[in-house]
Amino acid sequence: MTKRTIWLIIISMGLALLGSILLQMYWIRLTLREQENQFDREVNQALVGVIDEVERRDNRNLEPLADLPPAESQKLITEYMNKGIIERLDGRAGFLFIDSLLKRAVHKLGNRPEYHYGIYSNRDSGFVVVDNFFTVTSLKSSLSRTGIKSGLYYTPYKINIFDRSSQGSGRLFLYLPHRNQIIWKNLIPAAVGSLLFTSLILVCFAYTIYIIQRQKKISDMKNDFINNMTHEFKTPIATISLATDSINNPSIISNQDKVQRFTRIIKQENARMLGQVEKVLQLAQLEKRDLQLKLSEINIHELLQAISENVNLQIKGKKGDLKMNLEAKDPVIEGDLTHISNILYNLLDNANKYSPDSPDIRVATRNIHHGIEISIEDKGIGISRENQKYIFEKFYRVSTGNLHDVKGFGLGLSYVKVMVDAHQGHIQVKSALGKGSNFILYFPKHQNKNL
Ligand SMILES: Nc1ncnc2c1ncn2[C@@H]1O[C@H](COP(=O)(O)OP(=O)(O)OP(=O)(O)O)[C@@H](O)[C@H]1O
Ligand SMILES: [Mg+2]
């Protein structure tokens, strides 16, 4: 998958997600509006019901007057109608009646919501009753705009009572402090559900992107590895082929010196290929899940001497120097000989490889914490702090710009790390770019078999 395709997928998925989030928000808003409208309709209907009742009762008060002669009854009716709202409602009994009607109507709206009501009198220009209490406050006064009264003042639910006469008429205000909660209650499951699922999709999306990126990195590294590998194999194969051709040449086959020189070359190239195969085998070891160590007693000092002899040839070839400072009193540890040798070889090989001119390598040992510490220090190119985080990863190689001639697969240190861990040891790197590197190994004397 190319970088472009990945980005295209990320952008399309991001857009799709954004679109679906916006759509969901739009739907929730729409439903909210619808719920609000429906709720308001229900409350207004409830208020109409209450006022109908109140007016029926009011009319009952007028009924006896209808039996009087028309002129007289008309006069009395007008007089009655001009009365203030409190008289019209028949005092306290009237409010209690309104309250009981309201209670019934409001409770029908759902879970017994809290409510407050106020009766506003046009004649007194203020609330004359708030929640069953007489009160005389002007609607315009600042007092009437705080607390429950402010709720009543701004409530959208109000209805005229006794609207036939402007003098004695007033309005009934109903205030539901938890109006929004009541409306939201129906929406919460849908809103929470969509939030939850959207977050889940977002998390999965982010994780998928992360995995794609990681897989891409690994696959790029593997490609590099295969390219490197074929290149590394081609050179010795071509050299061996040339050497055998030359030996077969009649003028050379009779010359023993030349034949010996060519066979030496063949041998050398063969050893080089063996080294490469060894690397591939190390890679196979890394991929293996359960590692079985073949434990034996290993004398680290003897092993270091043997390996350094091998590496020393290359170091001497670059006019470098390898110093050993083997101070550990007890150099014997329990471990797998093949793996420990490979670990030491890899570290010494790196120390030499990444010291471009005359390597200056120091190897030291000492006994600490029931085990041995091995320090391999070079004065080579060093590793930046940023890169130190990655060098133990498989296939990772520091991009060395002008140092492209240093060959490698980026496998050595990842193998070292896995094997050191398998031996219950640890490895640490101290390095500064341009100054050199120091790899410090620790192996315990004994392997704890219960781990
Ligand atoms: N002593 C060192 N000095 C400077 N850089 C180092 C040193 N050791 C390792 N590195 C850096 O860490 C990288 C990883 O090292 P590692 O040994 O894993 O791979 P390699 O040497 O490139 O290849 P391989 O060991 O598989 O042949 C190297 O490519 C190099 O950039
Ligand atoms: Mg290496």
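The values are calculated or read from the model by the stated rules, or taken from the named source; none is laboratory data. Predicted, not measured: the structure shown is a model, and the values here were computed from it. Using ideal geometry, Cβ is built from the backbone for each residue, glycine included, and neighbour counts are taken over all protein chains shown. Protein only, heavy atoms only, side chains kept; ligands, DNA and RNA dropped before computing areas. Shrake-Rupley method; radii C 1.70, N 1.55, O 1.52, S 1.80 Å.
Scan the stretch 437-451 and tell me whether some residue there is assigned by TED's automatic domain parsing to the domain that holds TYR345, open to solvent by 30 Å² or more (accessible area, probe 1.4 Å) and within 9 Å of ligand 1 (Cβ to nearest atom).
No: the stretch 437-451 contains no residue that is assigned by TED's automatic domain parsing to the domain that holds TYR345, open to solvent by 30 Å² or more (accessible area, probe 1.4 Å) and within 9 Å of ligand 1 (Cβ to nearest atom).
Only one of these is outside the structural domain of LYS216 (by TED's automatic domain parsing), among the charged types (D, E, K, R), more than 11 Å from ligand 1 (Cβ to nearest atom) and out of contact with any Phe, Trp or Tyr (no Cβ under 6 Å at 6 or more places or on another chain): GLU373, GLU386, GLU377, GLU393. Name it.
Numbers: GLU373 fails: out of contact with any Phe, Trp or Tyr (no Cβ under 6 Å at 6 or more places or on another chain); GLU377 fails: more than 11 Å from ligand 1 (Cβ to nearest atom); GLU393 fails: more than 11 Å from ligand 1 (Cβ to nearest atom).
Result: GLU386 is the single residue among GLU373, GLU386, GLU377, GLU393 that is outside the structural domain of LYS216 (by TED's automatic domain parsing), among the charged types (D, E, K, R), more than 11 Å from ligand 1 (Cβ to nearest atom) and out of contact with any Phe, Trp or Tyr (no Cβ under 6 Å at 6 or more places or on another chain).
Please enumerate the residues belonging to the stretch 2-38 that are over 26 Å from the mean Cα position of the chain (by Cα) and of a type outside the set (Phe, Trp, Tyr). It would help to see each step written out before you state the result.
Filtering the stretch 2-38 down to residues over 26 Å from the mean Cα position of the chain (by Cα) leaves 26-38.
Answer for the stretch 2-38, where residues must be over 26 Å from the mean Cα position of the chain (by Cα) and of a type outside the set (Phe, Trp, Tyr): ILE28, ARG29, LEU30, THR31, LEU32, ARG33, GLU34, GLN35, GLU36, ASN37, GLN38.
Looking at PHE395, is it within 13 Å of ligand 2 (Cβ to nearest atom), on the phi > 0 side of the Ramachandran plot and open to solvent by less than 30 Å² (accessible area, probe 1.4 Å)?
Working: within 13 Å of ligand 2 (Cβ to nearest atom): yes; on the phi > 0 side of the Ramachandran plot: yes; open to solvent by less than 30 Å² (accessible area, probe 1.4 Å): yes.
Yes, satisfied.
Filter the stretch 309-343 for residues that are out of contact with any strand residue (DSSP E or B) (no Cβ under 8 Å at 6 or more places or on another chain) and under 26 Å from PRO356 (Cα atoms) and give the result. First the steps, then the outcome.
Step one: list which residues in the stretch 309-343 are out of contact with any strand residue (DSSP E or B) (no Cβ under 8 Å at 6 or more places or on another chain), which gives 309-310, 313-314, 316-319, 338-339, 341-342.
Matches in the stretch 309-343: GLU309, ASN310, LEU313, GLN314, LYS316, GLY317, LYS318, LYS319, SER341, ASN342.
Looking at the stretch 222-235, is at least one residue open to solvent by 50 Å² or more (accessible area, probe 1.4 Å), assigned to a helix (DSSP H, G or I), acidic (Asp, Glu) and modelled with pLDDT under 85?
Yes, that holds for at least one residue.
At least 3 residues that are open to solvent by 20 Å² or more (accessible area, probe 1.4 Å) and among the acidic types (Asp, Glu) in each: list the helices (runs of 4 or more DSSP H) lying fully within the stretch 16-135 that qualify. Don't jump to the end; show me each part of the working.
Details: elements: 70-81, 85-88, 92-107.
It comes to none.
Where residues in the stretch 408-436 are at pLDDT below 90 and either within 7 Å of ligand 1 (Cβ to nearest atom) or of a type in the set (Ser, Thr, Tyr) (or both), which of them is farthest from the chain's Cα centre (by Cα)?
Looking at the filtered set, the residue picked out is GLY408.
Against the condition within 18 Å of LEU195 (Cα to Cα), more than 27 Å from the chain's Cα centre (by Cα) and without any contact (Cβ under 8 Å) to a residue 60 or more places away in the chain, how does ARG41 come out, does it pass? So that I can check it myself, show each step before the final result.
Values: within 18 Å of LEU195 (Cα to Cα): no; more than 27 Å from the chain's Cα centre (by Cα): yes; without any contact (Cβ under 8 Å) to a residue 60 or more places away in the chain: yes.
Judged against the criteria, ARG41 is not a match.
If you go through the stretch 144-157, how many residues are touching a helix residue (DSSP H, G or I) at 6+ places or on another chain (Cβ under 7 Å) and modelled with pLDDT under 60?
2
What's the number of the only condition in (1) over 20 Å from ASN312 (Cβ atoms); (2) open to solvent by 50 Å² or more (accessible area, probe 1.4 Å); (3) within 16 Å of ligand 2 (Cβ to nearest atom) that VAL429 fails to meet?
Every condition holds for VAL429 apart from (2).
Could you tell me whether ALA364 is touching a helix residue (DSSP H, G or I) at 6+ places or on another chain (Cβ under 9 Å) and surrounded by fewer than 20 Cβ atoms within 10 Å (Cβ to Cβ)?
Details: touching a helix residue (DSSP H, G or I) at 6+ places or on another chain (Cβ under 9 Å): no; surrounded by fewer than 20 Cβ atoms within 10 Å (Cβ to Cβ): yes.
Answer is no for this residue.
Looking at SER219, SER194, SER199 in this structure, which one is of a type in the set (Gly, Ala, Ser) and at pLDDT below 85? First the steps, then the outcome.
Numbers: SER194 fails: at pLDDT below 85; SER199 fails: at pLDDT below 85.
None of the others qualify; the one that does is SER219.
Quick one: what pairs do we get from the stretch 240-263, first residue modelled with pLDDT under 90, second of a type in the set (D, E, K, R) and open to solvent by less than 50 Å² (accessible area, probe 1.4 Å), C-beta under 7 Å, 6+ apart or different chains?
ILE240/GLU269
Before we move on, is SER341 more than 22 Å from ALA306 (Cβ to Cβ), assigned by TED's automatic domain parsing to the domain that holds ASN310, surrounded by fewer than 18 Cβ atoms within 10 Å (Cβ to Cβ) and more than 9 Å from ligand 1 (Cβ to nearest atom)?
Numbers: more than 22 Å from ALA306 (Cβ to Cβ): no; assigned by TED's automatic domain parsing to the domain that holds ASN310: yes; surrounded by fewer than 18 Cβ atoms within 10 Å (Cβ to Cβ): yes; more than 9 Å from ligand 1 (Cβ to nearest atom): yes.
Spelling it out, it is not the case that SER341 is more than 22 Å from ALA306 (Cβ to Cβ), assigned by TED's automatic domain parsing to the domain that holds ASN310, surrounded by fewer than 18 Cβ atoms within 10 Å (Cβ to Cβ) and more than 9 Å from ligand 1 (Cβ to nearest atom).
Right, GLN268: over 30 Å from PHE395 (Cα atoms) and out of contact with any Gly (no Cβ under 9 Å at 6 or more places or on another chain) or not?
Values: over 30 Å from PHE395 (Cα atoms): no; out of contact with any Gly (no Cβ under 9 Å at 6 or more places or on another chain): yes.
Criteria not met by GLN268.
Based on what the data block shows, is LEU62 at pLDDT below 80, of a type outside the set (Gly, Ala, Ser) and under 26 Å from ASP99 (Cα atoms)? First the steps, then the outcome.
Working: at pLDDT below 80: yes; of a type outside the set (Gly, Ala, Ser): yes; under 26 Å from ASP99 (Cα atoms): yes.
When the stated conditions are applied, LEU62 passes them.
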